[in-house]
Structure formats: C-alpha cells, structure tokens
Amino acid sequence: MRIKPIAFDIHGAAKFSLEETKRHIRDITLNTYDIEIDLSGHEFQNYYRPDGAKITKTLTTLLRKQLNKEDVAERFASYGKRISELYTTGVSLVAYFGDKKKLGKGEYENKITCFSDGHENAICREFLVRYKRAAVLCLESAEGKAAGRGRCLVFFAGGRNITMTNFYYHGLTQNKLYFIEAIRRLFNLKQVIYRKNSKFFLPIYLNKDSVHVYDARSQRQYLGRKLPCPNCGKVVEEEHFYYRQEGDIQILGCSEKCAIKHSKVMGECNLCEAIVNPAQMVGFEGKLYCKECWNKNTYACGKCGNRYMGEPTVTKDKEIRCPNCYKNSGYQCKGCGDRYAKPHRMIETQSKGCFYCLECVTAGNLYCVVCRTAYDKSLNLISNGRIKRAICDECLTPVLEIPDSRDPVVAVA
C-alpha cells in the first residue's frame with residue numbers, strides 16, 4: 001500500500017495538577033458554550049481514560065445533559081482542540097504500512113512469530129501476501145525501533161469499514177487507540193468510530209482482539225468476498241474457501257484437497273489415512289501414525305523395553321515379550337515347550353537347569369532333582385532362592401538342612 005509514513009503525537013498526562021486541570025476545563029467550557037459543568041466524580045489527569053477513550057468523550061456526555069446534540073457538535077472541534085492543549089505529549093509515533101512478506105520474521109515484532117517460515121502459521125502469511133484487501137499497519141517510536149514498536153493486521157472490508165486484528169506490541173503501551181489514531185491520520189479522516197468485533201472472519205490465526213473502525217459515512221460492509229489460495233493462487237468465493245483450525249495451526253486453501261496437499265504442518269496416518277495434527281502423531285520406523293492407531297497396533301516388550309508393531313508374544317505367566325526376547329530369555333518347559341518370564345513359576349526337576357511347568361510335573365514328569373529317581377507319586381517342592389525344586393521324601397531331610405532352603409515344603413500331588 002503506497003501511503004507515505006506519518007508522524008503524530010499521542011497526548012499523555014495533564015500539564016497541571018488535577019484541580020488546576022479541572023479549573024481550566026470549566027473555564028474553556030464556560031467561554032465556548034456559556035454553561036458550567038460538574039466535573040466531580042471524573043478523572044481528568046490523563047487524556048485517555050482507563051477504557052481507552054479520550055476524556056473529550058466524557059465531556060461530550062456532560063455537555064449533552066444541558067445542550068442538544070447539534071449545539072454541542074457545532075463548536076466541539078475548537079473546544080476539543082483547546083482541551084487537548086492542556087495535556088502534554090505522551091508519545092511521538094511514526095505510522096506506515098509494512099511489507100506483508102516480512103510478517104512474523106522479526107522486522108516488525110522484535111522476534112520470530114508463528115507467521116514466519118517453518119512455523120505453524122506461515123501459510124497465513126502467504127494468504128495475506130496474496131490478499132489485496134489486507135495490510136500490515138506498523139507503528140514505531142519517533143526515537144526509533146529500540147524505543148518501541150507495534151503492528152497489527154488491517155482488513156479493508158469496503159464501504160469505509162476497516163477491521164484491525166492480531167495486535168503486537170514491544171516497548172509501546174498496549175493501546176489499540178494508537179493504531180486507530182494512525183488509521184485516522186493516514187487516511188485524513190476527521191472522526192472515526194470503533195467497537196469490538198470478536199466474530200470477525202478472516203481465515204488466518206486470530207487473537208480474538210479484532211476492532212471494527214468506521215466513520216459516519218460508512219456504508220454496508222463488502223459482501224461476497226473472494227479469497228486467494230495461498231498455495232496455488234486461485235481466487236474463489238468465500239463460501240468455497242477451505243479453512244480448518246487444529247489447535248493453533250491453520251489449514252487453508254481454495255479446496256480441501258489443495259489445502260491438505262500443500263499443508264506442511266499436517267500428516268497422514270500410515271494405517272487409517274486420517275489427516276492429523278503432528279502433535280497428535282507418532283513417528284515409527286520412518287512412518288507416521290495417529291495416536292489411536294499407534295496404541296492399537298504397537299506394544300512395548302517387558303524385557304528390553306522397545307516398541308514393536310504387530311501382535312505381541314505373551315509368555316505363559318502373561319508377560320509381554322518381543323520375538324527376540326521370547327526366544328532368547330526366560331525359562332522354557334522341557335515338557336510342553338512353553339516359556340515363562342519368571343523362574344518362580346517353574347520347577348527344577350530331574351537335573352539342575354532342567355525345568356518343567358507345574359502342569360507337566362503333575363502330569364508325570366516326576367524326577368527328584370537330588371537323586372534323579374523317577375517317581376509316580378507325589379514329590380515335595382522346596383524353594384532355593386527364586387527356583388523351586390522337586391525333592392523326594394528320602395532326599396528331603398538332608399536338603400532342608402541346607403541354609404539356603406528357607407521356604408516351607410509343599411507337596412506336589
């Protein structure tokens with residue numbers, strides 16, 4: 001937008017004490033309108049009220065209690081000028097329209113923001129660059145960037161209607177009126193009206209801080225908007241433009257297919273093919289999976305702790321193992337071949353290191369681990385540390401005298 005930068009001042013605190021300021025205001029009012037007004041209960045030390053409005057708005061309300069609207073308006077321009085002269089300059093600013101291509105890169109914000117390259121909303125900047133009705137309004141302290149700066153996005157809605165949104169401040173008071181005053185002076189508007197506009201639509205990342213600015217001559221806002229695709233440049237009607245928000249991430253384009261295809265921040269699940277926010281995805285062996293598919297189709301080995309895709313291998317004592325850990329670790333029953341993860345579920349019989357599960361021992365694989373004699377009747381189980389051993393009655397007494405044999409004897413039927 002080719003409009004020359006302008007410099008302007010924003011009023012700050014009054015030059016005089018509070019009582020002196022009120023006295024000057026009463027005198028100016030009496031000289032201009034020939035009436036006296038009651039200023040009690042109002043704060044006049046600062047030119048801008050806490051809600052952001054000028055104190056002249058308060059004075060307008062007080063004047064209309066005694067005069068009709070037309071009489072107040074007839075002399076208010078000179079009246080307002082004399083009132084403003086009671087206040088010193090709070091800040092001197094320079095306003096200009098910046099380069100939309102530099103949005104988010106720290107040129108106007110003092111740091112990288114979400115609109116910059118490689119960040120979640122770089123696609124929004126591409127949209128704004130192509131959209132002729134959008135602009136970046138920048139403010140700088142007259143002393144230079146280091147003394148303070150700010151910027152906001154401006155949308156020209158037609159019919160002398162303007163919407164501001166996405167305000168950013170660094171070193172400046174966070175007052176949207178600075179930007180409103182800049183618009184008024186840049187376009188030489190005598191007076192502007194403003195109000196909050198939180199429902200304003202623009203398919204970009206918004207901070208829900210939008211302000212609608214217009215003047216008395218404003219007409220109906222521009223309808224039937226045509227929006228440019230930030231991916232391919234195609235211009236489509238607003239109702240056909242695809243826009244989707246995933247958390248703080250925006251996805252937009254001339255169609256859903258185009259938006260998803262060119263999105264650099266969304267991923268496709270390798271199993272269910274859903275388009276998902278990367279924060280909700282898991283990478284595995286060079287592929288992406290949504291968390292739902294990841295939880296359903298992978299498991300963690302209870303031995304090595306690694307994650308694996310597919311059906312898990314489960315030992316007889318219900319411990320999950322990957323194929324490698326299942327094969328090369330644990331305890332395998334010599335009778336049935338089943339593997340157990342924990343030794344206390346096994347019985348050492350026949351010889352040291354020869355294990356049987358309880359089912360196989362009771363089925364007839366009855367050997368005394370001491371004398372290696374086969375039995376067709378019950379044997380005793382005695383635990384030496386974590387391993388149970390099968391002992392016949394004849395060998396039981398000598399074994400019990402071993403200090404390591406701490407557990408009570410249990411008979412195997």
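The values are calculated or read from the model by the stated rules, or taken from the named source; none is laboratory data. Since the structure is predicted, the reported quantities are computational estimates derived from the model, not experimental observations. Here Cβ is always computed from backbone atoms with ideal geometry, including for glycine, and neighbour counts include all displayed protein chains.
Does Ser40 satisfy the criteria of being free of Cβ contacts under 8 Å to residues at least 40 places away in the same chain, among the small types (Gly, Ala, Ser) and touching a helix residue (DSSP H, G or I) at 6+ places or on another chain (Cβ under 7 Å)? No: the conditions fail for Ser40. Against the list (1) in a helix (DSSP H, G or I); (2) over 49 Å from the mean Cα position of the chain (by Cα); (3) surrounded by 13 or more Cβ atoms within 10 Å (Cβ to Cβ), the condition Leu59 fails is (2).
Thr165 satisfies every condition listed in (1) in contact with a Cys (Cβ under 7 Å, 6 or more places away or on another chain); (2) outside any strand (DSSP E or B) except (2). All conditions but one from (1) in contact with a helix residue (DSSP H, G or I) (Cβ under 9 Å, 6 or more places away or on another chain); (2) closer than 30 Å to Phe115 by Cα; (3) touching a residue at least 60 places away in the same chain (Cβ under 8 Å) apply to Lys101; the one that does not is (3). For beta carbons closer than 8 Å, sequence separation of 6+ or different chains, a first residue in region 297-314 that is under 17 Å from Arg339 (Cα atoms) and a second that is aliphatic (A, V, I, L, M) and assigned to a strand (DSSP E or B), the qualifying pairs are Cys301/Ile320; Gly302/Ile320; Pro312/Ile320; Thr313/Ile320; Val314/Ile320.
Residues checked against (1) touching a residue at least 40 places away in the same chain (Cβ under 8 Å); (2) in contact with a Gly (Cβ under 6 Å, 6 or more places away or on another chain):
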| position | (1), (2) |
| --- | --- |
| Lys199 | no, no |
| Asp215 | yes, no |
| Cys229 | yes, yes |
| Ile251 | yes, no |
| Cys258 | no, no |
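Within the option set Leu177, Leu172, Leu153, being of a type in the set (A, V, I, L, M) and either under 23 Å from the mean Cα position of the chain (by Cα) or not assigned by TED's automatic domain parsing to the domain that holds Phe200 (or both) holds for one residue only, Leu153.
What's the total number of residues in region 134-145 that are without any contact (Cβ under 8 Å) to a residue 40 or more places away in the chain and either basic (Lys, Arg) or not in a loop (DSSP other than H, G, I, E, B) (or both)?
Initially, region 134-145 is screened for residues without any contact (Cβ under 8 Å) to a residue 40 or more places away in the chain, giving 136, 144-145.
Remaining after also requiring either basic (Lys, Arg) or not in a loop (DSSP other than H, G, I, E, B) (or both): 136, 145.
Within region 134-145, residues that are without any contact (Cβ under 8 Å) to a residue 40 or more places away in the chain and either basic (Lys, Arg) or not in a loop (DSSP other than H, G, I, E, B) (or both) number 2.
Within region 270-293, if we keep just the residues that are modelled with pLDDT of 80 or more and buried (at least 17 other Cβ atoms within 10 Å of the Cβ), the residue that is farthest from Pro228 (Cα to Cα) turns out to be Cys293.
For residues in region 174-229 being of a type in the set (Phe, Trp, Tyr) and surrounded by fewer than 19 Cβ atoms within 10 Å (Cβ to Cβ), which is nearest to Cys124 (Cα to Cα)? I'd like the intermediate steps shown before the answer.
Of region 174-229, the ones of a type in the set (Phe, Trp, Tyr) are 178-179, 187, 194, 200-201, 205, 214, 222.
From what's left, surrounded by fewer than 19 Cβ atoms within 10 Å (Cβ to Cβ): 187, 200-201, 222.
Details: Phe187: 26, Phe200: 16, Phe201: 13, Tyr222: 21 Å.
Per the criteria, the residue is Phe201.
When region 168-192 is filtered for residues that are of a type outside the set (D, E, K, R) and either assigned to a loop (DSSP other than H, G, I, E, B) or without any contact (Cβ under 8 Å) to a residue 24 or more places away in the chain (or both), the ones remaining, listed by number, are Tyr169, Gly171, Leu172, Thr173, Gln174, Asn175, Phe187, Asn188, Leu189, Gln191, Val192. Under the condition of being of a type in the set (A, V, I, L, M), surrounded by fewer than 17 Cβ atoms within 10 Å (Cβ to Cβ) and in contact with a Ser or Thr (Cβ under 9 Å, 6 or more places away or on another chain), the residues counted in region 101-136 number 0. Within the bounds of region 124-133, is there any residue that is farther than 19 Å from Leu186 by Cβ, part of a loop (DSSP other than H, G, I, E, B) and of a type in the set (D, E, K, R)? No, the conditions are met nowhere in region 124-133.
Name the residues in region 7-56 that are in a helix (DSSP H, G or I) and touching a Leu at 6+ places or on another chain (Cβ under 7 Å), would you? Before the answer, list the steps.
Looking only at region 7-56, we keep the residues that are in a helix (DSSP H, G or I), and these are 18-33, 55-56.
If the condition is that a residue be in a helix (DSSP H, G or I) and touching a Leu at 6+ places or on another chain (Cβ under 7 Å), then Thr21, Lys22, His24, Ile25, Arg26, Tyr33 are the ones that fit.
Just checking, which of Ala14, Ala7 is within 26 Å of Tyr194 (Cα to Cα), surrounded by fewer than 13 Cβ atoms within 10 Å (Cβ to Cβ) and either basic (Lys, Arg) or at pLDDT 90 or above (or both)? Working first, answer last.
Numbers: Ala14 fails: surrounded by fewer than 13 Cβ atoms within 10 Å (Cβ to Cβ).
Matching residue, one of Ala14, Ala7: Ala7.
In region 53-70, the residues that are under 24 Å from Val213 (Cα atoms) form Cβ pairs under 9 Å with partners that are outside any helix (DSSP H, G or I) and charged (D, E, K, R), at six or more places apart or across chains, as follows: Ile55/Glu43; Ile55/Arg49; Lys57/Arg49; Thr58/Glu43; Thr58/Arg49.
Could you please find all residues in region 78-92 being small (Gly, Ala, Ser), assigned to a helix (DSSP H, G or I) and either modelled with pLDDT under 90 or touching a Leu at 6+ places or on another chain (Cβ under 9 Å) (or both)? Explain how you work it out, then say what you get.
Taking region 78-92 as the starting set, the residues that turn out to be small (Gly, Ala, Ser) are 78, 80, 84, 90, 92.
Applying the additional criterion that residues be assigned to a helix (DSSP H, G or I) yields 78, 80, 84.
Of everything in region 78-92, just one residue is small (Gly, Ala, Ser), assigned to a helix (DSSP H, G or I) and either modelled with pLDDT under 90 or touching a Leu at 6+ places or on another chain (Cβ under 9 Å) (or both), namely Gly80.
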